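**Student:** Please read through the structure below; I'll follow up with questions.
The values are calculated or read from the model by the stated rules, or taken from the named source; none is laboratory data. Every value quoted in this text rests on a predicted model; they were computed, and no experiment measured them. No Cβ is skipped: glycine too gets one built from the backbone with ideal geometry, and neighbour counts run over all protein chains shown. Just the protein is used for accessible areas: all its heavy atoms, side chains included, with ligands, DNA and RNA removed. Shrake-Rupley method; radii C 1.70, N 1.55, O 1.52, S 1.80 Å.
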Amino acid sequence: MFYLRAMPTPTTRKKSAHTLKPKYKRIVLKLSGEALKARGSMDNISPEIVQQVCSQIKDVHDLGVEVAVVIGGGNIWRGLSAYHRGMERTTADYMGMLATVINGLAIRSALEQMGLQPRVHTAIEMDSVAERFIRERAIDHLKDGKIVIFVAGTGNPFFSTDTTAALRANEIGAEVILKATKVDGIYTADPFKDPKATKYDRITYSEALAQRLSVMDSTAFSLCMDNKMPIIVFDMMKSDNIKRVVLGKAVGTLVTSE
């Protein structure tokens, strides 16, 4: 037997929105390209996974949080891997940047279908596809309630999308970087390989560096450390985790200066 859940009345909905107070006003959500691909699938992008991710983004946006997204392209192309197989590095990296544009457009489409107003900002000029990244314009979009999706990395080879997330977060004045992964935080070792690995609830930049923990690549991590930009590493595959992080719940691992 199936039961239909009653929809909340306008009064209930208004009360719920009022009682849920986000800890952060403006965030940068860092998504890997691999997160958009279903395990074992031949398709580079799973529409179902994109829908699930965007549904979580919408839930956070509905709380009044200003959301910017940085997306990787590893589900389509990994420049560094191609370089190690003999391709010229700059060309390989530019191809990777274009892969992030494809993912960004997929996210934009899903968000538009949900009634939101996403804007794709690219570091490489392609006017017929996306807006060129301009810091002030991106900030204005966020203030107007639009979701900004940053694609094409920094526009330069040799830099990862982790570095893009760190750079854009500082440029737009975000309060935190939410790094969505397939594990539920930072561990003392790889939890898939070491059953004795233990999870950190909180760790400082210095401790992470001293223990050589893979939080972000070194350039991105240094940029966050120098500018005291907190990072929260969490499992995005669990329903409502992005919302829980934004509400200040104990989710994942917080990397901070103290």
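**Student:** Can you compute the charge dipole magnitude of the chain about its Cα centre, using +1 on each Lys and Arg Cβ and -1 on each Asp and Glu Cβ, nothing else charged? Give it in debye, rounded to the nearest 20.
**Tutor:** 840 debye
**Student:** For the stretch 90-135, calculate the relative contact order in percent as a whole number, restricting contacts to Cα pairs under 8 Å that are 6 or more residues apart.
**Tutor:** Here the relative contact order equals 22 percent.
**Student:** Would you pull out the residues with amide H under 5 Å of ILE149's amide H, same chain only if 5 or more places away, H placed 1.01 Å from N?
**Tutor:** Sorted by chain and number, the residues that satisfy this are VAL69, ARG119, VAL120, HIS121.
**Student:** What order do you get for 145-158, 192-205 when each peptide is scored by the mean count of other beta carbon atoms within 10 Å, highest first?
**Tutor:** 145-158, 192-205
**Student:** Choose one of ILE45, MET225, MET114: the residue whose Cα lies farthest towards the positive end of the charge dipole of the chain (beta-carbon charges +1 Lys, Arg; -1 Asp, Glu; about the Cα centre).
**Tutor:** Checked the options; the winner is MET114.
**Student:** While we're here: Taking only protein heavy atoms and a 1.4 Å probe, what accessible area per residue, in Å², does the chain have with all protein chains in place?
**Tutor:** Per-residue accessible area for the chain comes out at 54 Å².
**Student:** Test of understanding: express the Cα radius of gyration of the chain as a ratio to 2.2 N^0.38 Å, with N the residue count.
**Tutor:** That ratio works out to 1.01.
**Student:** In whole percent, how big is the carbon plus sulfur part of the accessible area of the chain, probe 1.4 Å, protein atoms only?
**Tutor:** Roughly 52 percent of what the probe reaches on the chain is carbon or sulfur.
**Student:** A further question follows. Cross-link candidates for LYS193: which lysines have Cα within less than 19 Å, leaving aside residues fewer than 8 places away along the same chain?
**Tutor:** LYS182
**Student:** Who wins for biggest fluctuation among ARG85, ARG168, ARG26 in a Gaussian network model of the chain, springs between alpha carbons below 10 Å?
**Tutor:** Maximum fluctuation in the GNM of the chain, among the listed residues, is at ARG85.
**Student:** Got a sec? Charge dipole of the stretch 72-149, +1 on Cβ for Lys and Arg, -1 for Asp and Glu; which of ILE76, VAL101, GLY145 is way out at the positive end?
**Tutor:** ILE76
**Student:** Now a separate question. Across the stretch 135-145, in residue order, what do the Karplus-derived ³J(HN,Hα) couplings come to in whole Hz, using 6.51 cos²θ - 1.76 cosθ + 1.60 with θ = phi - 60° and x for Gly and Pro?
**Tutor:** 3, 5, 5, 4, 5, 4, 4, 4, 5, 7, x
**Student:** Which value in deg cm²/dmol, rounded to the nearest 500, describes the helix-derived mean residue ellipticity at 222 nm for the chain, given -39,500 (n - 2.57) per DSSP H run of n ≥ 4 and division by the residue count?
**Tutor:** That comes out to -11500 deg cm²/dmol.
**Student:** 7 Å from Cα along Cα→Cβ at both ASN156 and GLU136: what's the point-to-point distance in nm?
**Tutor:** Distance between label points: 2.3 nm.
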